[in-house]
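The values are calculated or read from the model by the stated rules, or taken from the named source; none is laboratory data. Nothing here was measured: the structure is a model prediction, and the numbers come from that model. We place every Cβ from the backbone using ideal geometry, glycine too, and count neighbours over all the protein chains shown.
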């Protein structure tokens, strides 16, 4: 059997820091972020299935969330204001991300590639679940803003307001329920959470 570099590359997610343009009270890497986005994606899918009577594929959605920033191992974390500056830059960056994902997939043995291709490039059967992954991604960033503000770092105040509006503008009932029922707890201290 040939040797594969794929999982060793995946383990490098912990070396890619997020929020490079912001003064952080603690650093967050894409490995930590991907775990949180996966947890939040699962929560949104469960809310959709249990409370809203949907039949969402939570397991596939969580796998997509887990690997949603894997391309950044190669590209680095592009700051949001740059990535979305205009449609040309956004389109070019989407192409770069796709190339990075294909490069990562090429590190897998042939018999495993298709299973991971479905995660890196999900098909149309997951359209709604992908919206929930995007919402979870934004919720994770919003949670980072809340945590930074709790530490007295006002650098994240404006970003937090923008992200909160962005999640609301997605008009996803699952995200609205999460924000109403679960998000307030992120403002609490450990003692308040335990009481």
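Things to note:
- Near pairs, Cβ below 6 angstrom, 6+ apart or cross-chain, from segment 1-29 (more than 24 Å from residue 119 (Cβ to Cβ)) to any residue that is not in a loop (DSSP other than H, G, I, E, B): 22/155; 23/155; 25/148; 27/17
- Residue in segment 23-47 that is farthest from residue 147 (Cα to Cα), counting only those that are surrounded by fewer than 22 Cβ atoms within 10 Å (Cβ to Cβ) and touching a strand residue (DSSP E or B) at 6+ places or on another chain (Cβ under 9 Å): 29
- Residue match in segment 165-184 (condition: farther than 22 Å from residue 47 by Cα and either without any contact (Cβ under 8 Å) to a residue 60 or more places away in the chain or surrounded by 15 or more Cβ atoms within 10 Å (Cβ to Cβ) (or both)): no
- Taken over segment 93-111, the criterion of being over 20 Å from the mean Cα position of the chain (by Cα), free of Cβ contacts under 8 Å to residues at least 60 places away in the same chain and either surrounded by 13 or more Cβ atoms within 10 Å (Cβ to Cβ) or more than 13 Å from residue 71 (Cα to Cα) (or both) is satisfied by 103, 110, 111.
- Residues satisfying the stated conditions in segment 112-131, i.e. over 16 Å from residue 68 (Cβ atoms) and at pLDDT below 95: 124, 125
- Criterion applied to 184, 122 was being within 19 Å of the chain's Cα centre (by Cα) and either outside any loop (DSSP other than H, G, I, E, B) or closer than 19 Å to residue 59 by Cβ (or both), and the one residue passing it is 122.
- Filter result for residue 123 (within 19 Å of residue 38 (Cα to Cα) and without any contact (Cβ under 8 Å) to a residue 12 or more places away in the chain): yes
- Test: residue in segment 30-39 that is at pLDDT 95 or above, within 20 Å of residue 173 (Cβ to Cβ) and part of a helix (DSSP H, G or I): yes
- You will find that of 173, 165, 161, 134, the residue that is within 23 Å of residue 31 (Cβ to Cβ) and at pLDDT 95 or above is 134 and no other.
- In the set (1) in a helix (DSSP H, G or I); (2) without any contact (Cβ under 8 Å) to a residue 12 or more places away in the chain; (3) more than 22 Å from residue 132 (Cα to Cα), the condition left unmet by residue 59 is number (3).
- Some residue of segment 96-111 being at pLDDT 95 or above, within 20 Å of residue 47 (Cα to Cα) and in contact with a helix residue (DSSP H, G or I) (Cβ under 8 Å, 6 or more places away or on another chain): no
- The sole residue among 82, 143 that is touching a residue at least 40 places away in the same chain (Cβ under 8 Å), within 27 Å of residue 164 (Cα to Cα) and surrounded by fewer than 20 Cβ atoms within 10 Å (Cβ to Cβ) is 143.
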